[in-house]
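Presented below is the structure to which this report refers.
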Amino acid sequence: MKFGKQSAWSAAAVALAIALVAGVYLVAAQRARQDIHAAAGRQLQIVALDLESVLERFESLPFALSFHPDLARVLERPQDEALIRRVNQTLQSVQRQARVSAIYLMDENGLTLASSNWQQPYSFVGKNFSFRPYFRDALAGAAGRFYGIGNTTGEPGYFISQPVYRGEPEGGTPAGVIAVKIALGDFEQTWASSEEPIALADARGVVFLSNRADWRYHSLRPLDDPDQQRLVGTMQYAGQQILPIATLAEDAGEPVARPVGRLGWQLMQFPSPWRVTRAALAPTIAAALLLVVAALSWWALLQRRRRMEERSESRRALQRAADELEQKIAQRTSELEAKYAKLQEAERLLRSTQGELVQAGKLAMLGQMAAGITHELNQPLAAIRAFADNAVTFLARGNADKARANLSHIADASARMGALVGQLKGFARKSDVVAGVDLVHALRTSVMLLDNEIRRLAPALDIDAPDRLLVPGDPVRVEQVLINLLRNALDAVEERDHRHISVRMRCEGDEAVVGIRDSGAGIAQQVARHLFEPFFTTKPSGKGLGLGLAISSSIVQAMNGRLEARNTEQGGAEFILRLPLRSEVKQGEALAE
Ligand code: ADP
């Protein structure tokens, strides 16, 4: 669509340019034609004036001569030879003086009696010119004028004649005719320098003087028969057939013409049409070149503008892409920032929750332990009271040995109580003291703390451990984890007939691995999914809080370890605790100690 429009525009522009150039050509040609015609007109005027001045200069010569008394005498006595010789000499000297071709005297029959060229081989004397119009005109009493080719000499000339009277000039009939012949051939010579054809044509359109030899004695247009016959009759052009100019059409333009003389002659110049074309061509070519230059400049300008538009368009596209990218980056950044903020918030929440959980777990355990400890302390306390009462009684009876035995029982019971309290002191110690933990020692402490429970349920407790197994971390927390796992195992075997718990500690590569197996019912599938979630429990209220595993796994994670659970082939549960070993204490050294 756009292309079509554009090509239509360019077609219109080309058409306009062609029209413009054509217009310039037409105007220039018109101007050139006018100029050329004006110049031709001026040239013709000069030629015509020249010609007319020649023709007019001799107009009165035959008239003046007709008054010469000798002429009338010759006409009266044509046999008087002495008279004729004198007249011949007179005419000859006038002819030389006036520089005309010939002067001659004819009688009333047209016979030449005396002539300026009487001595020449082509003398007019004795010749009869009665057929010439100028003779007839003069004999009729008027001045005769005629142009024609000389019958005797073969030379063309302009003839002027006047009647000659015997007595008084006016009145009576002329006795003869005096004629002057003027040659006009010189004009042709002056015209020879002109490039364009110049022609002098008579009233019938027959060219008799021209700078083109092939135009001479040819007509501008075909002559009709009466004209042809008249020309033959007057022998004007030596009796020859007058044909139209053959080359007129091809190399002659529109003629410039003006009348000359008294015989209805036309002096013509034919400016070449090529001159007009040549003259008009220069401005036309200049205009065309100008248009081409303008078109090229316009085109270059368009190209430049298009290039600049393309460049700025690509710049804009680049800018757009950059803006989009920047926007995307900003968006992504803000999204990431939001995510990061959420993450930070979650982490903060987790930390606080974790702290709270640890605390809550501790408290719950303390509550549970408080009952156990109370129970545990009550027994020795009751025993101490009984032993003391016994000791008092035995002392009163004077049985010192029995009394001593009872007192030593008291000492044993208090020692057991002291050991129990000592364990509790360790449990209550501030937890974030980072030190190495001997897992074996921690296990022993945990078992001791659960002594009451173990004794109640009396499971087969099977411990397989090296002497020491050191991991980095806080002993209290590690004990907390072990106590949780052992207590869960004890809970799991409580309802079983066959109660068995085994603990295996070993070293696997860079890890210390603790496996606690029980002979319980194992972990149900729906339970396994929620095992480490806080407050998830399957135990009756008052017995379980559902915090043990959640706290334990968070403690283990904080130590860069892992806590996993699975069911054994025997159907019980196994909890596997993996903790990274302390790097500076290799297992070999620990075993060597
Ligand atoms: P609690 O012991 O207070 O219920 P825990 O987080 O320690 O909370 O345990 C969550 C649950 O995981 C228990 O209620 C029990 O259903 C299950 N569980 C834990 N240890 C064992 C085990 N050794 N055998 C079978 N189930 C267990």
Task: For the range 92-248: span of alpha carbons on each principal axis (Å, largest first) - done: 54, 36, 28
- [ ] Take every Cα-Cα pair in the range 179-285 and report what % of them are more than 23 Å apart.
- [x] 33
TODO: Mind sorting Met308, Met559 by how few other Cβ atoms lie within 10 Å of their own Cβ, fewest first?
DONE: Met308, Met559
Task: Simple label model, 7 Å out from Cα along Cβ direction - Arg315 to Leu407, nm - done: 11.0
Task: Residues Arg456, Arg477, Arg306 arranged by fewest to most Cβ contacts within 10 Å - done: Arg306, Arg456, Arg477
Task: Around Leu55: net Lys/Arg minus Asp/Glu count, Cβ-Cβ under 12 Å - done: -1
Open item on the list: Quick check for me: using +1 on Lys/Arg Cβ and -1 on Asp/Glu Cβ, what's the dipole size of the range 41-95 about its Cα centre, in debye to the nearest 20?
Closed with: 120
- [ ] Once you have the Kirkwood Rh of the chain from its Cα pairs, apply Stokes-Einstein at 10 °C and 1.306 mPa s and quote D in µm²/s.
- [x] 40
TODO: Please work out the Cα center distance from the range 262-337 to the range 1-70, rounded to the nearest Å.
DONE: 39
Task: 10 Å binning of all Cα-Cα separations within the range 62-111, expressed as whole percents from 0 upward - done: 24, 59, 16
Task: Inter-label distance, nm, simple model (7 Å from Cα along the C-beta direction), Glu326/Ala386 - done: 9.0
Task: Where only alpha carbons of the range 107-174 are counted, the Rg and the Dmax (Å) - done: 12.5, 38
Task: Computed over the range 160-214: relative contact order in percent, which uses C-alpha pairs under 8 Å that are six or more apart - done: 24
- [ ] May I ask which residue of Ala573, Leu485, Ala17 lies farthest towards the positive end of the charge dipole of the chain, with charges of +1 (Lys, Arg) and -1 (Asp, Glu) on Cβ and the Cα centre as origin?
- [x] Leu485
Task: Relative contact order, percent, the range 143-241 [alpha-carbon distance under 8 Å, six or more residues apart] - done: 21
Task: Neighbourhood net charge (9 Å Cβ-Cβ; Lys/Arg +1, Asp/Glu -1) for Ala521 - done: 0
Open item on the list: If the only charges are +1 at each Lys and Arg Cβ and -1 at each Asp and Glu Cβ, what is the size of the charge dipole of the chain around the Cα centre, to the nearest 20 debye?
Closed with: 1160
TODO: Could you please rank Phe159, Phe208, Phe536, placing first whichever residue has the fewest other Cβ atoms within 10 Å of its Cβ?
DONE: Phe536, Phe208, Phe159
Task: Average Cα contact separation per residue, the range 448-576, under 8 Å, 6 or more apart, as relative contact order % - done: 25
Open item on the list: Tell me which DSSP H helices of the chain clear both cut-offs, 30 Å or more of axial length from alpha-carbon atoms and a mean Kyte-Doolittle hydropathy of at least -1.0.
Closed with: 2-57, 273-396, 400-428
- [ ] May I ask you to order 266-275, 219-228, 342-351 by the average number of other C-beta atoms within 10 Å around their residues, highest value first?
- [x] 266-275, 219-228, 342-351
Task: Residue-count net charge about Trp299 - beta-carbon cut-off 15 Å; Lys, Arg +1, Asp, Glu -1 - done: +4
Task: Per-bin percent of Cα-Cα distances, the range 248-309 [10 Å] - done: 18, 21, 19, 14, 12, 9, 5, 2, 0
- [ ] Take each of the peptides 232-240, 289-297, 550-558, average the number of other beta-carbon atoms within 10 Å over its residues, and list them starting from the highest.
- [x] 550-558, 232-240, 289-297
Task: Spin-label model distance (nm) - Glu52 vs Glu76, 7 Å beyond Cα toward Cβ - done: 4.2
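We did not get these values from a lab; they are worked out from the coordinates using the rules stated. Keep in mind it's a predicted model, so treat the numbers as computed, not measured. All Cβ positions, glycine included, derive from the backbone under ideal geometry; neighbour counts span all protein chains shown.
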